[in-house]
Structure formats: C-alpha cells, structure tokens
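Computed from the coordinates by the stated procedures, all read-outs in this text should not be read as laboratory data. Nothing here was measured: the structure is a model prediction, and the numbers come from that model. Neighbour counts run over all protein chains shown; Cβ positions are idealised from the backbone, glycine included.
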C-alpha cells in the first residue's frame with residue numbers, strides 16, 4: 001500500500017513540473033508554453049511559471065505577483081526570464097512572495113511606456129534590462145474626417161487625402177501652394193504670404209474687361225507731359241456700394257526721364273454697377289510717358 005502511495009506521489013510530481021529533457025531543450029529553463037500574454041489591466045495578477053512576455057495596454061495600476069523560484073518550492077529555474085511591456089497609462093507593480101525579492105526589495109514598479117526584463121537567479125529576481133519609448137501593438141489604423149483617409153485590407157493599409165481637406169491648424173509648404181492660377185509660394189515670414197501672378201498681356205491704355213475681385217492691369221502708354229487719360233474697367237464683381245482701390249504697382253520707364261505716372265480712380269464718389277473707371281496722368285512738366293504701367297485693383301464688397 002505504501003509503495004502505491006509513493007508511486008502516485010512521484011507521478012504527481014512528474015506532471016507538476018517540466019521534465020529535465022524539457023528544460024534541457026530550452027537551455028535549462030521551463031519551456032515557454034505561452035510566450036506572450038495580454039494581462040487585463042487595473043487588477044491583480046499572478047504570473048504563471050511558464051514565463052515569457054506579458055503586456056498591459058490600458059487601465060489603472062496593476063499588481064503582478066511573481067512565481068516562486070525552484071529553490072523555494074516553485075517552478076522557476078535559474079536563468080528564466082520575464083519581459084513586461086507596459087503600454088498603458090498606469091504603472092505595473094511587480095511583487096514577490098516571501099522570502100524572495102526583486103532588485104533587493106519586495107516590489108519593483110514598471111512605469112507607463114517602459115519595458116523591463118527580469119531574470120531569476122534561482123533564489124531571487126533581478127532586473128537585467130529596461131527600455132523606454134515603446135508603443136502598443138498596432139491593431140487598427142483610423143482616419144480623421146477631412147484630414148486623412150485610411151483603408152486596410154489583408155494586412156495592408158493605404159493612407160490618402162480626402163477630396164475636401166480641413167487643416168486642424170496652419171498649412172505650410174516647402175515650395176509653393178498651387179491654388180489654380182496663380183500659384184502661391186510659401187513664405188517663412190509669420191503671417192505673410194506672397195503671390196506670384198504671370199503678368200497679363202499688355203495693351204494700350206483704354207477700356208478693358210477684368211472679371212476678378214483683384215488683379216493687375218498692364219498698359220503701354222506714350223501719354224504726353226501734363227496730361228491725363230481714362231479707362232473703363234468692366235468687372236462683374238462691382239455692385240452697388242462696392243469700394244474699389246486702384247494703385248500704381250510699377251512702371252517700365254525711367255521716372256522723370258520718361259515722365260512721372262500717377263493713377264487714381266476717377267469715380268471716387270462710388271463705382272458704377274459692373275464697372276469702375278481709372279485715370280492715368282503724367283505729372284511731369286516736359287517728358288512723355290514711355291513704357292508700360294502696372295495698375296493693381298481690389299474690389300471690396
């Protein structure tokens with residue numbers, strides 16, 4: 001009868017712990033039957049002896065109890081290691097069972113964003129490596145409305161811009177931002193933007209059509225000294241109550257030598273619906289204008 005009891009005891013011991021052959025196959029440590037396991041955060045957790053890698057992603061502080069080493073009646077052998085990856089916002093506290101310690105104390109804290117590797121020296125636990133800046137495993141890729149669109153299939157994700165983009169903040173380019181025509185080059189000066197527009201075809205000073213809220217008119221002129229001329233600019237943006245600003249932006253002639261151009265809006269008291277009138281004068285006493293004048297306009301409604 002005693003021999004039967006002893007036999008059952010030996011069988012129980014055999015199934016309770018890995019065999020010597022199992023340990024030898026894994027370098028003297030217990031075989032990692034579950035190499036990686038997610039731990040429910042915000043709770044207490046007893047780490048099993050078949051150690052590997054464990055991680056937590058969200059929740060409050062978790063307390064994990066480490067298993068006993070082989071010397072103290074447990075199944076953890078010398079050299080067996082555990083990797084703890086903390087992807088969550090709260091700490092993971094590793095605690096030991098008496099008489100064992102971890103790093104010489106009863107507990108060790110793995111902060112948020114830290115991965116720690118601990119090693120059993122057959123008697124106690126030691127921290128042998130710590131890394132920061134880890135991130136949780138990618139389980140999905142989501143887009144943001146009017147900012148980026150994400151489409152995933154068969155493990156491949158494609159990110160693209162939607163047809164209508166709403167920037168959450170400022171929008172800056174390293175070269176230029178094309179807005180139809182003209183293009184708008186980027187400008188590093190805070191709050192500034194520089195526009196570049198191809199100069200419109202030059203024509204003799206006179207009636208012209210320019211259906212835009214703003215633009216530049218180019219005229220060639222040989223206006224005589226101390227004289228003025230007018231031109232009607234047809235513009236569908238001009239409505240009752242519109243304010244139109246006209247300015248001289250440039251002159252290809254030499255000032256004084258080739259006259260002295262001056263521009264103003266003739267209908268200063270208000271613009272006619274659908275048009276406005278500009279006046280170009282040469283204020284020099286003797287020399288005529290010779291060259292092209294560039295007049296900018298802005299319609300304000």
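Bridge orientation summary for segment 80-170: considering DSSP beta bridges with both residues in this region, about 95 percent are antiparallel. Taking other C-beta atoms within 10 angstrom as a stand-in for reagent exposure, 70, 122 fall in the order 122, 70, fewest first. Once the C-beta distance of residue 159 and residue 301 is scaled by a Förster radius of 45 Å, the resulting FRET efficiency is 0.65 to the nearest 0.05.
In segment 223-262, whose amide N lies under 12 Å from the spot 7 Å out along Cα-to-Cβ of residue 209? List them in ranges. Counting backbone N atoms under 12 Å from the label point, the list is 234-236. Over all distinct Cα-Cα pairs of segment 203-300, the Kirkwood formula returns a hydrodynamic radius of 13.4 Å.
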